[in-house]
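Engineer: First the structure, then my questions, so here it is.
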Amino acid sequence: QVQLVESGGGLVQAGGSLRLSCAASGNIFSDNAMGWFRQAPGKQRELVAVITSGGSLNYADSVKGRFTISRDNDKNTVYLQMSTLKPEDTAVYFCNLHIGYYGEDYWGKGTLVTVSS
């Protein structure tokens, strides 16, 4: 089984920064994509950022210029550096691993990020 373990969530003040980490373990195909989704209260889960094993990047418009996604392929770990945080960034953030070869998705349990005003 593939397991994703997230860390780094917490409470921060508006304008502050936070760094999320997600480590994947198990039988992971080398060609994959890892990313972060978030779900705010009463809203649908949305894509925040994704990075492929080859380094291709994609961000939601709402976080461009403020968030940076990166990964360590040797550790199968993805990071999300969040800066200039806004109250509207408050959500549960979920780590995702997508293996296109098998068409499989794996999810972390989520970590709560709360941005106070």
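Engineer: Which of Ala24, Gly108, Gln39 sits closest to the plus end of the dipole of the chain, meaning its Cα is farthest towards the positive end, when Lys and Arg get +1 and Asp and Glu get -1 on the C-beta?
Structural biologist: Farthest towards the positive end: Gln39.
Engineer: Charges only on Cβ, +1 for Lys and Arg, -1 for Asp and Glu: so what's the dipole of the stretch 1-68 about the Cα centre, in debye to the nearest 20?
Structural biologist: Value, rounded to 20: 220 debye.
Engineer: While we're looking at this one, here's another question. Which residue, Gly26, Gly35, Gly15, has the most motion in a Gaussian network model of the chain that connects Cα atoms within less than 10 Å?
Structural biologist: In the Gaussian network model the winner is Gly26.
Engineer: Once amide H atoms are built 1.01 Å from N in the peptide plane, which residues 5 or more positions from Gly9, or in another chain, come under 5 Å H to H?
Structural biologist: Those lying under 5 Å, H to H, from Gly9: there are none.
Engineer: Sticking with this structure for a sec: Counting Lys and Arg as +1 and Asp and Glu as -1, each charge on the Cβ, what is the dipole of the chain about the Cα centre in debye, to the nearest 20?
Structural biologist: So the magnitude is around 300 debye.
Engineer: If the elastic network links every pair of Cα atoms under 10 Å, which of Ser56, Ser17, Ser83 fluctuates the most in the Gaussian network model of the chain?
Structural biologist: Ser56
Engineer: From Cα pairs below 8 angstrom and at least 6 apart in sequence, can you work out the relative contact order of the stretch 2-112, rounded to a whole percent?
Structural biologist: 35
Engineer: Now for a different question. Of Val2, Leu85, Asn73, which is farthest towards the positive pole of the chain's charge dipole, taken about the Cα centre with +1 and -1 on the beta-carbons of Lys, Arg and Asp, Glu respectively?
Structural biologist: Positive-end residue among those listed: Leu85.
Engineer: A follow-up question, please. Counting only pairs 8 or more residues apart or on different chains, how many lysine pairs in the chain have their Cα atoms under 22 Å apart?
Structural biologist: 5
Engineer: Let me ask another. For the stretch 52-117, report the convex hull volume of the alpha-carbon atoms normalised per residue, in Å³, without decimals.
Structural biologist: 107
Engineer: A further question on this structure: Counting only Cα atoms, I'd like the Rg/Rh figure for the chain, Kirkwood definition for Rh.
Structural biologist: 0.96
Engineer: Here's another thing I want to ask about it. So, for the chain, what is the accessible surface per residue at a probe of 1.4 Å, expressed in square angstrom?
Structural biologist: Per-residue accessible area for the chain comes out at 55 Å².
Engineer: Still on this structure: In whole percent, and with a 1.4 Å probe on the protein chains, what portion of the accessible area of the chain is carbon and sulfur?
Structural biologist: Reported share for carbon and sulfur atoms: 46 percent.
Engineer: Amide H neighbours of Asn58 under 5 Å, at least 5 residues apart or on other chains, H built in the peptide plane: list them.
Structural biologist: Under 5 Å from the amide H of Asn58: Val50.
The values are calculated or read from the model by the stated rules, or taken from the named source; none is laboratory data. Keep in mind it's a predicted model, so treat the numbers as computed, not measured. Because the Cβ atoms are built from the backbone with ideal geometry, glycine has one as well, and the counts that use them run over all protein chains shown. Calculation scope for accessible area: heavy atoms of the full protein, side chains included, ligands and nucleic acids excluded. Shrake-Rupley method; radii C 1.70, N 1.55, O 1.52, S 1.80 Å.
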